[in-house]
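The next block holds one structure in the form of structure tokens; read it before the comments.
The values are calculated or read from the model by the stated rules, or taken from the named source; none is laboratory data. Remember, predicted model here, so these are calculated numbers, not experimental data. A quick note on method: Cβ atoms are made from the backbone with ideal geometry, for glycine too, and the neighbour counts reach across all protein chains shown. Each accessible area value is taken on the protein alone, full model and side chains, heavy atoms only, with ligands, DNA and RNA left out. Shrake-Rupley method; radii C 1.70, N 1.55, O 1.52, S 1.80 Å.
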Amino acid sequence: MLDNKSGLIWLWVTVVLLILDQVTKYVVSTQMQLYQSIELLPVFNLTYVHNYGAAFSFLSEAGGWQRWFFSIIAISISILLTYWLKKLPAKNLVLCGAYSLVLAGALGNLYDRLTYGYVIDFIHVYYDTWHFPAFNIADSAICIGAGLLLLDAFRDQKSEDVKDD
């Protein structure tokens, strides 16, 4: 089924996650007040915040130039991932999935940066006094995609080690 197809057929994953990301951000931004928090579980809240930086609010206080810097990075990565998907056989499930996930996350946060000047975050995980920075569906897709890339790298390394013996 996937033998002669390029990885571009995996773009459906990107589209679905991009829609999910934008719908959840729209719901949060229209139904909650900025900084409002709704407890869903003893370790999980919906907390509406704006992130002007990158991961963990990196460079959030940089004065505005970071919006364009991170946008250029997201555009470059998106072009590169799309090119790699085109060159990759669709049957490479791990890499195609990883690229599709990272692409969805990059595009979801890029849309926010270009439209609003910040990224909408709302998933807030914590325990006792420890709080993980708020994030969103796009961030989750990037993290899962990065995890798949690591898995693929270790899997390939292990298979190369076996071949050398």
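Would you mind checking the stretch 87-109 for residues with the amide N under 19 Å from a putative spin-label position 7 Å along Cα→C-beta of VAL27?
105, 108-109
Which net charge results for the neighbourhood of SER29, defined as the other residues with beta-carbon distances under 14 angstrom from its beta-carbon, given Lys and Arg at +1 and Asp and Glu at -1?
Summing Lys/Arg as +1 and Asp/Glu as -1 gives -2.
Pop the C-beta distance of VAL43 and LEU150 into the FRET formula with R0 = 22 Å and round what comes out to the nearest 0.05.
0.30
Compute the signed sum of charges (Lys and Arg +1, Asp and Glu -1) over the other residues within less than 13 Å, Cβ to Cβ, of ALA106.
-2
Expressed in nm², what is the orientationally averaged projection area of the convex hull enclosing the Cα positions of the stretch 76-142?
For the stretch 76-142, the mean projected area of the Cα convex hull comes to 5.6 nm².
Over the stretch 68-115, one equal point on each Cα, no solvent: what is log10 I(q)/I(0) by the Debye formula at q = 0.19, 0.22 Å⁻¹?
So the normalised log intensities are -0.57, -0.71.
So, counting K/R as plus one and D/E as minus one, what does the shell of residues with Cβ under 14 Å around PRO133 add up to?
With Lys, Arg at +1 and Asp, Glu at -1, the neighbours total -2.
For CYS96, CYS143, write out the residues from largest to smallest accessible area, computed with a 1.4 angstrom probe and no ligands counted.
Highest to lowest solvent-accessible surface, that is CYS143, CYS96.
Starting from the residue with the highest accessible area, list PHE132, PHE154 in decreasing order, probe 1.4 Å.
PHE154, PHE132
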